[in-house]
Structures are given as C-alpha cells and as structure tokens.
Amino acid sequence: MRLLIIGELEGQIGAASRIARSRGAKVAQAPTIDAAFIALRGGHGADMIMIEAKADIKRLVTQLEAERIIVPVIACGVQADSAVAVAAIKAGAKEYIPLPPDEDLIAAVLEAITEEAHAVIHASPQMKRLLELADQVAGSDASILITGESGTGKEVIAQYIHRKSKRSGNNFISVNCAAIPEALLESELFGHEKGSFTGAVARRIGKFEEANNGTLLLDEISEMDIRLQAKLLRAIQEHEIDRVGGTKPVKVNLRIVATSNRDLQQETKKGTFREDLYFRLNVISLHLSPLRDRKEDIKPIAEFFVAKYSKANGVVERKLSEGALEKLHHYSWPGNVRELENIMHRAVLLASGSDIAPEAVTLPNSPLSEAAAANVAGAEGALNKSELVGRTVESVERELILDTLNYCLGNRTHAANILGISIRTLRNKLKIYGDEGQTGT
C-alpha cells in the first residue's frame with residue numbers, strides 16, 4: 001500500500017507516517033499540494049493521501065477530480081474537534097483521523113481505504129490445491145485469470161502471486177474496472193498528455209506505466225467496455241501503450257493478472273467480451289470456490305477475524321463457541337469471505353460472556369438475542385420509539401447515519417462498524433445525501 005503524505009513530516013503527522021510504515025505501507029512525502037501533483041502525474045502513484053485538516057482539502061479534492069486522479073484523501077487534525085472533522089469531510093476527505101494518532105485506528109483506516117488483505121487463511125483441500133498451483137505459476141510472466149464469486153478473495157490471491165513472483169520487489173497496482181466510470185478508465189490505465197481533453201492540465205502517467213516491471217491487477221475486467229478492450233488487447237500483445245492524446249507508443253514490461261466474477265466464456269458468446277482478449281488473459285486460470293463449498297475454511301477464517309477485530313476494538317479476544325461455529329457452518333454465505341468478515345466483526349462487538357455465543361452471530365434475517373440487543377442498546381444509547389411513528393424508513397435511516405457519523409467525529413470506518421454496514425455502503429449513502437443537500441452540519 002502506497003501512502004502519500006502532504007505537508008511536513010514533523011510532529012503528529014510524522015508519527016502517523018511511522019505507524020503506517022510499521023504496518024507495511026510505502027510512505028512518500030510532498031511538502032505542498034502542487035508538489036504532490038507533480039509526483040502523481042509523474043507515475044509516483046498513491047493508494048491513499050494523508051493531509052493536515054487545516055490545509056486546503058477542497059482544492060486538493062477538486063483538482064484530483066479535474067485531473068481524473070482517483071485516490072482517497074484522509075484528513076488529520078490535532079484534537080478531537082468535531083467542527084474540523086465535519087469541515088474536512090464536507091471538503092471531500094474520505095476519513096478524518098484525530099491526532100495524536102492511534103496505531104489501531106491508523107491500521108483500520110489503511111485497510112478500509114485500500115481494502116487490502118495479505119493473509120491467505122485456509123484449511124480446505126480446494127484452497128490447498130489452488131495455492132499449490134499459484135506457487136507453481138507465480139515465477140512465470142504468464143497472464144493469469146482468477147475467477148470466482150464476489151467476496152471469495154480474488155484480489156488476495158493476486159497479491160499472493162505477486163509476492164511469490166520475481167517481480168515482488170516492484171509495484172503491485174490494482175485497478176477496479178467496475179468502480180471507475182467508462183469515460184475515465186482509459187486515462188486511468190494508459191495515462192494522458194497535456195491538453196488531450198478538458199481538464200488535462202498536465203501529462204499524467206497511467207497504471208500501466210506505474211506497474212512497469214511489476215504486476216497490474218485488472219479487477220472485475222468483465223465490466224470493461226468492449227471498445228476499450230481492443231486497446232487493452234494491443235497493450236498486452238505489443239507490450240506498449242498509447243497515452244490519451246499521445247503521438248508515440250510507450251514500452252512497458254509487466255505481468256497482467258485479471259479477475260472476474262462472471263463466466264467470461266459466456267460473455268464472449270454474448271458479445272460483451274472479446275474472445276481474443278479472453279484467450280490472451282486466460283493463459284493460466286485459477287478458480288476460487290465459494291465459501292459454502294469449502295466449509296473447512298470457515299473456522300480458521302472466522303478465528304482470524306475475531307483476533308483481528310478484538311485487537312482493533314480494544315476488547316478481550318473471546319473464543320468462538322461450538323454453537324457459534326455450528327451456526328456459521330449451516331449458513332450459505334452468499335457474500336463469501338467478505339460477508340464472514342463483517343459478521344465476525346459485529347460478533348466481536350456484541351459478545352458479552354466468556355466466549356462468542358451463537359446469539360452474537362447475527363446472520364441476515366436472524367433477530368438479535370436479548371443479551372446482544374442489550375449490548376447494542378448500552379453501546380449506542382436507547383431509542384425513543386415514539387419519535388419514529390409517522391416517519392419514513394428513509395428519513396430514519398438518514399438521521400441514524402448522519403448522527404453516527406457526527407458521533408464518530410467524521411470517521412467513516414468507525415461509523416460503518418457501529419452501523420453494521422460496509423464502508424462502501426456508507427459512502428454510497430453519504431453521496432446520495434450530499435446530492436440531495438441533506439448532509440447536515
């Protein structure tokens with residue numbers, strides 16, 4: 001994970017950078033916003049930007065959007081000042097971290113923003129065979145296609161392959177083809193020259209050049225527009241790319257890993273995915289089975305998340321009871337490992353006894369037990385039911401989300417944890433409220 005800090009590496013923000021380094025992040029520093037843009041345009045990319053809350057965050061975010069540079073911004077401010085936090089979030093920061101920095105909070109934000117996970121926890125024969133095959137092909141430069149349902153851990157396997165490869169000392173760059181609008185994706189991948197389109201105020205290096213000599217992950221490649229697939233195919237075949245508005249091709253040397261939660265063979269038959277690109281990507285194919293088909297993995301993965309979130313929330317690490325494990329094994333896991341992670345995080349917060357009882361494991365459509373409900377009430381306050389009568393679900397939900405965010409001083413990671421939703425869902429809700437002019441103060 002690459003962290004770019006804007007400002008002087010002194011005092012508390014310097015301490016935050018040291019914590020980030022200790023958690024495996026590669027930290028770079030730019031003294032000013034202008035210097036940061038020179039680095040970003042020049043191929044020194046970042047997965048996250050950290051900047052002091054007193055800086056001109058709105059200018060930074062606006063310029064990032066204008067130049068089509070997609071990277072989340074984290075604001076840092078001395079003292080737990082809710083006004084500063086709200087102002088930073090309104091200016092476009094994704095998170096607000098109060099200083100002095102808390103090590104576990106920094107770690108949680110790094111993970112939530114980048115959604116990186118390096119541990120491959122497994123016990124099933126299916127995963128054992130898959131990792132053996134990954135080990136066997138990691139040393140080559142062959143393109144790899146990783147398939148599987150959403151939430152099975154395709155990016156984790158891509159990172160595993162990179163770490164085992166001869167390119168491990170160089171960049172691992174990930175592009176989510178489903179998250180970037182079609183109009184921006186070409187520039188994101190291949191970069192652009194100054195003046196090539198409105199907002200192209202300077203040359204910008206794309207992800208292909210950032211990943212040079214390393215690995216480029218094209219996540220959910222099936223979502224890429226078929227017109228852009230032709231340019232991608234040429235880049236892979238010829239080992240060169242054309243920047244948008246460029247006149248000379250640029251040579252690149254990298255390994256391509258692609259993922260998809262769809263059947264690309266079926267997509268080629270439907271005409272939504274190029275058959276020649278499919279064959280070019282599918283030199284080596286790895287398929288991740290859904291969690292429901294490898295139930296041996298449920299216990300070790302659940303225990304991993306219990307340990308992780310017990311530490312992150314500063315609570316005693318409790319053992320999973322046999323009843324809780326049985327409940328986990330009988331569930332179908334439509335959301336796979338990502339859903340298991342969310343449920344275990346919530347169970348850590350709801351557990352009250354000597355272990356994590358079945359009542360703390362709240363699966364979809366399963367009501368909270370009295371004990372768990374009491375824990376929630378104690379942690380989040382009592383609800384005056386009479387105030388809800390006559391109101392729409394949307395208005396209650398909006399007020400709950402905004403009040404929780406304000407309580408957390410603008411920290412979206414903490415707010416999402418309390419609300420029991422993913423940080424991506426929270427971001428989408430806040431965008432809707434912002435578009436409607438309902439974000440409050």
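Coordinate-derived values only; no laboratory data. Values in this document were obtained by computation on a predicted structure and should not be read as measured data. Quick reminder, even Gly has a Cβ in these numbers, built from the backbone with ideal geometry, and neighbours come from all protein chains shown.
Taking amide H atoms as placed 1.01 Å from N in the peptide plane, the amide H of Lys319 lies under 5 Å from those of Ile356, each 5 or more residues away in sequence or on another chain. Counting beta carbons within 10 Å around each of Phe305, Phe279 and listing the fewest first gives the order Phe279, Phe305. Give the lysines reachable from Lys319 as a straight Cα distance under 24 Å; neighbours fewer than 8 places away on the same chain don't count. The qualifying lysines are Lys295, Lys299, Lys308, Lys311, Lys327.
Per residue of the chain, the DSSP helices (runs of n ≥ 4 H) give a summed -39500 (n - 2.57) that works out to -14000 deg cm²/dmol at 222 nm. Antiparallel beta bridges, as assigned by DSSP with both residues in the chain, represent about 5 percent of the total such bridges. Given a cut-off of 33 Å, what percent of all Cα-Cα pairs of the chain lie beyond it? Counting pairs separated by more than 33 Å, the tail of P(r) holds 40 percent. Across the range 276-347, Cα-Cα pairs farther apart than 17 Å form 50% of the total. Checking the cross-link pairs Lys26/Lys166; Lys154/Lys248; Lys54/Lys94 against a 25 Å limit on the alpha carbon distance flags Lys154/Lys248 as lying beyond it.
When you filter the GluC sites (Glu not before Pro) in the range 285-323 for DSSP loop state and at most 16 other Cβ atoms inside 10 Å of their Cβ, you are left with Glu317. Report the FRET efficiency, 1/(1 + (r/R0)^6), for Val316 and Ser289, where r is their Cβ-Cβ distance and R0 is 45 Å, rounded to 0.05. It comes to 0.85. Here the calculated FRET efficiency for Lys166 and Ala66, from their Cβ-Cβ distance with R0 = 51 Å, stands at 0.85, rounded to the nearest 0.05.
Of the residues Leu349, Ile180, Ile38, the one whose Cα sits farthest towards the positive end of the charge dipole of the chain is Ile38 (charges of +1 on Lys and Arg Cβ, -1 on Asp and Glu Cβ, taken about the Cα centre). Given their separation in residues at 0.36 nm each and the Cα-Cα distance between them, Glu132 and Lys194 gain 17.7 nm when the chain is fully extended.
Counting neighbouring beta carbons within 10 Å and listing from fewest to most, the residues Val348, Val84 come out as Val84, Val348. Computed over the range 125-289, the P(r) tail beyond 22 angstrom holds 41 percent of alpha carbon pairs. The distance between label points at Asp225 and Lys54 comes to 4.4 nm (points 7 Å beyond Cα on the Cα→Cβ vector). Near Cys76, the amide H atoms lying under 5 Å from its own belong to Ile51, Glu52, Ala53, Ile97; only residues 5 or more places off or on other chains count, and H is placed 1.01 Å from N.
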